[in-house]
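The values are calculated or read from the model by the stated rules, or taken from the named source; none is laboratory data. Just so you know, these numbers come straight off a predicted model, no measurement behind them. Don't worry about glycine lacking a Cβ; one is built from the backbone with ideal geometry, like all the others, and counts go over all protein chains shown.
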Amino acid sequence: MAPKTLKNAPWREDAIQTVRALKAGGVVLYPTDTVWGLGCRADDAEALDKLYKIKERPGGQPSLVLVDAEGLLEEYANPVPEIAWDLLREGGSPESRPMTLVLPGGRGVAPALLAEDGSLAIRVVHDPFLQFILRGIDVPLVSTSANLTGQPTPGHFSEIPKAIREGVDHVCVTGRDRKGSASSSMVKLDAAGRINILRP
């Protein structure tokens, strides 16, 4: 989206408020490219701890992170197997179902976001609202579904538990009228590029 168009985007003020809340160490409730999510800066361990308390999620269950450009994969994972770029090209169209890649050697994020083997789940988003937020905080954004642990994933904003809506620091106005889509597919890659499909 061109800079001039961004100035007139109906979600601009909401996105700015979201960025401010995240920069202040807050937890936000926001529409992802799949379902409504809970998020915080991926490098803020205290905010992440607060997020997990709101979600009633035990430790040892890492969440995925969002970035706004493919080139950032190499900044937050090492190595990035060659097959990762092929997978991103195949699923890069707006009509494609979003794909989360679990990559080896996660880095630059709170330790609790890494799996026991050091891998990091990461997804490149193309939604202008999310990209604006990500460029505003200049770090990946944590993304976990806006439900209490063990409860169904809300398909619409109205289904999000009151405890979550009242527990966060900012609730986005944008996207409240849309129905959430299915969760992303999830593919794990090892350093040799071998593929393990975790979620079709």
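Scanning segment 11-26 for residues that are touching a helix residue (DSSP H, G or I) at 6+ places or on another chain (Cβ under 9 Å), in a helix (DSSP H, G or I) and hydrophobic (A, V, I, L, M, F, W, C) yields Ala15, Ile16, Val19, Leu22.
Yes or no: Ala112 exposed (fewer than 15 other Cβ atoms within 10 Å of the Cβ), of a type in the set (A, V, I, L, M) and either modelled with pLDDT under 95 or in a helix (DSSP H, G or I) (or both)? Judged against the criteria, Ala112 is not a match. Criterion applied to Ala45, Ala24 was being of a type in the set (A, V, I, L, M) and either at pLDDT below 95 or surrounded by 14 or more Cβ atoms within 10 Å (Cβ to Cβ) (or both), and the one residue passing it is Ala45. Only one of the numbered conditions (1) surrounded by fewer than 16 Cβ atoms within 10 Å (Cβ to Cβ); (2) closer than 16 Å to Asp33 by Cα; (3) not β-branched (Val, Ile, Thr) is not met by Glu90, and that is (2). Test Gly37 against the stated conditions and say whether it is touching a residue at least 60 places away in the same chain (Cβ under 8 Å), closer than 20 Å to Cys172 by Cα and out of contact with any Gly (no Cβ under 7 Å at 6 or more places or on another chain). Considered against the rule, which asks whether it is touching a residue at least 60 places away in the same chain (Cβ under 8 Å), closer than 20 Å to Cys172 by Cα and out of contact with any Gly (no Cβ under 7 Å at 6 or more places or on another chain), Gly37 comes out as yes.
Residues that are under 15 Å from Asp33 (Cβ atoms) and not hydroxyl-bearing (Ser, Thr, Tyr) were ranked within segment 158-185; the one that is surrounded by the most Cβ atoms within 10 Å (Cβ to Cβ) is Cys172. For segment 121-140, check the following and say yes or no: at least one residue is more than 15 Å from the chain's Cα centre (by Cα) and not in a loop (DSSP other than H, G, I, E, B). The answer is no; no qualifying residue exists.
Of Leu73, Leu38, all but one fail to be over 16 Å from Ile137 (Cβ atoms), among the aliphatic types (A, V, I, L, M) and either in a helix (DSSP H, G or I) or at pLDDT 95 or above (or both); the exception is Leu73. Of all residues in segment 57-72, those satisfying the criterion of being surrounded by 12 or more Cβ atoms within 10 Å (Cβ to Cβ), over 10 Å from the mean Cα position of the chain (by Cα) and under 14 Å from Leu113 (Cα atoms) are Arg57, Gln61, Pro62.
The set of residues in segment 132-156 being at pLDDT below 95 and farther than 22 Å from Pro58 by Cβ consists of Gly155, His156.
Yes or no: segment 158-168 includes at least one residue that is under 17 Å from the mean Cα position of the chain (by Cα), assigned to a loop (DSSP other than H, G, I, E, B) and not hydrophobic (A, V, I, L, M, F, W, C). The answer is no; no qualifying residue exists. Scanning for something within 27 Å of Leu72 (Cα to Cα), out of contact with any strand residue (DSSP E or B) (no Cβ under 6 Å at 6 or more places or on another chain), without any contact (Cβ under 8 Å) to a residue 60 or more places away in the chain and acidic (Asp, Glu), does segment 120-139 turn up at least one residue? Yes. Checked against (1) on the phi > 0 side of the Ramachandran plot; (2) in a strand (DSSP E or B), Leu29 passes all but condition (1).
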